[in-house]
Amino acid sequence: MRLLKGEILSNEKYGPDIYKMEIFSPYIVKNTGASQFINIKCAPENVRDPLLRRPFSVFDIEAKFNVFSILYLVKGRGTRYMSTLGRGDILDFSGPLGKKLDLTASRDNLLLIGGGMGIAPLNLLSKLGLGMGKNILMLAGFADSRLLRWERDLVRMGVKYRIFSEDGTWGEKGLVLDHIFDEYRVFTSHDIFCCGPLPMLKVLQKEFKGENIEATAFLEEKMACGMGACNGCVVKIKKGSDDFNYKRVCRDGPAFGLSEVIFDE
Ligand code: FES
């Protein structure tokens, strides 16, 4: 992990209140793997408000151009500030953070299940997996069609995918979860990775447990230091049958075995 500064190459609207920012950084491009993230200072130079950096999954890497991108939703002061930045501005960030996922150890078939903005780390995972010759199926669910532009990226990447939206304005109408539970037997030869809202992860955990299906979840937690020093991002991870450890999402994760995570009620 390093403290870095990178030139912003673009910061474009990707959907209502959603932006995609492209940043030049040979260091991040060379050293970042699946499931890793960066921590961004969301204020001008010499300003320390907001004080805490914000974590963002690496969404894509264009190795040829030494460029990586993030996807973010504008929902507070920090991300509002980020949305005002443009080409040529310098981004202050640290990274790569989190444990790199070792895809060489995974099976040839990967099923990626994303919900809402949780597609961000799965997008990079699918690109890296395709580059290693894996067969990837992306199943993604949304409330509406706000992230419609992502479909263009999926097509460009050449990944197999199915999109579900609750209001029926994009892809197939309905919940991605319904599809998985209708057809989960098809996926027994897959390694499964999921990222999305907590209710989605909880349902997946419950249903997969019943079918003895293992999956890896990318957790998204509020963070402070982003590098394991403050314990601001701990989650409970099962230890044995009736005990648990606190693990730091930023340092020990963000990828954990879905069946090991103890979600608060
Ligand atoms: Fe500080 Fe994770 S954010 S330990």
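The values are calculated or read from the model by the stated rules, or taken from the named source; none is laboratory data. In this text the structure is predicted, and so the values were computed from the model without any measurement. Note: ideal-geometry Cβ built from the backbone for every residue, glycine included; neighbour counts use all protein chains shown.
In segment 32-51, how many residues are surrounded by fewer than 18 Cβ atoms within 10 Å (Cβ to Cβ) and within 16 Å of the ligand (Cβ to nearest atom)?
Of the residues in segment 32-51, 2 are surrounded by fewer than 18 Cβ atoms within 10 Å (Cβ to Cβ) and within 16 Å of the ligand (Cβ to nearest atom).
Do we find that PHE193 is buried (at least 16 other Cβ atoms within 10 Å of the Cβ) and away from the ligand (no atom under 16 Å from the Cβ) in this structure? Before you say what the answer is, go through the steps one by one.
Details: buried (at least 16 other Cβ atoms within 10 Å of the Cβ): yes; away from the ligand (no atom under 16 Å from the Cβ): yes.
Taking the combined requirement at face value, the residue satisfies it.
Go over the candidates ARG80, ARG87 one by one and state the one that is outside any loop (DSSP other than H, G, I, E, B) and surrounded by fewer than 20 Cβ atoms within 10 Å (Cβ to Cβ). Walk me through how you get there before you give the answer.
Working: ARG87 fails: outside any loop (DSSP other than H, G, I, E, B).
That would be ARG80, the only listed residue that is outside any loop (DSSP other than H, G, I, E, B) and surrounded by fewer than 20 Cβ atoms within 10 Å (Cβ to Cβ).
So LEU177 fits all but one of (1) surrounded by 16 or more Cβ atoms within 10 Å (Cβ to Cβ); (2) outside any loop (DSSP other than H, G, I, E, B); (3) modelled with pLDDT of 95 or more; (4) not aromatic (Phe, Trp, Tyr); what number is the exception?
(3)
Of THR188, THR216, which residue is polar (S, T, N, Q) and modelled with pLDDT under 90?
Details: THR216 fails: modelled with pLDDT under 90.
Every option except THR188 fails the conditions.
Of the residues that sit in segment 212-250 and are loosely packed, with under 12 Cβ neighbours inside 10 Å and acidic (Asp, Glu), which one is farthest from the ligand (Cβ to nearest atom)?
Out of the qualifying residues, it is ASP242.
Determine, yes or no, whether ASP102 is modelled with pLDDT under 95, surrounded by fewer than 22 Cβ atoms within 10 Å (Cβ to Cβ) and more than 18 Å from LYS222 (Cα to Cα). Break it down stepwise before answering.
Working: modelled with pLDDT under 95: yes; surrounded by fewer than 22 Cβ atoms within 10 Å (Cβ to Cβ): yes; more than 18 Å from LYS222 (Cα to Cα): yes.
Considered against the rule, which asks whether it is modelled with pLDDT under 95, surrounded by fewer than 22 Cβ atoms within 10 Å (Cβ to Cβ) and more than 18 Å from LYS222 (Cα to Cα), ASP102 comes out as yes.
Considering only segment 90-113, state which residues are part of a helix (DSSP H, G or I) and over 16 Å from the mean Cα position of the chain (by Cα). Explain how you work it out, then say what you get.
Going residue by residue through segment 90-113, those that are part of a helix (DSSP H, G or I) are 103-105.
The answer is THR104, ALA105.
Give all pairs with beta carbons closer than 6 Å in which a residue from segment 79-107 that is over 12 Å from ALA34 (Cβ atoms) meets a residue that is loosely packed, with under 12 Cβ neighbours inside 10 Å; count only pairs at least 6 apart in sequence or on separate chains.
That search, which allows pairs on different chains as well, returns SER94/LEU3.
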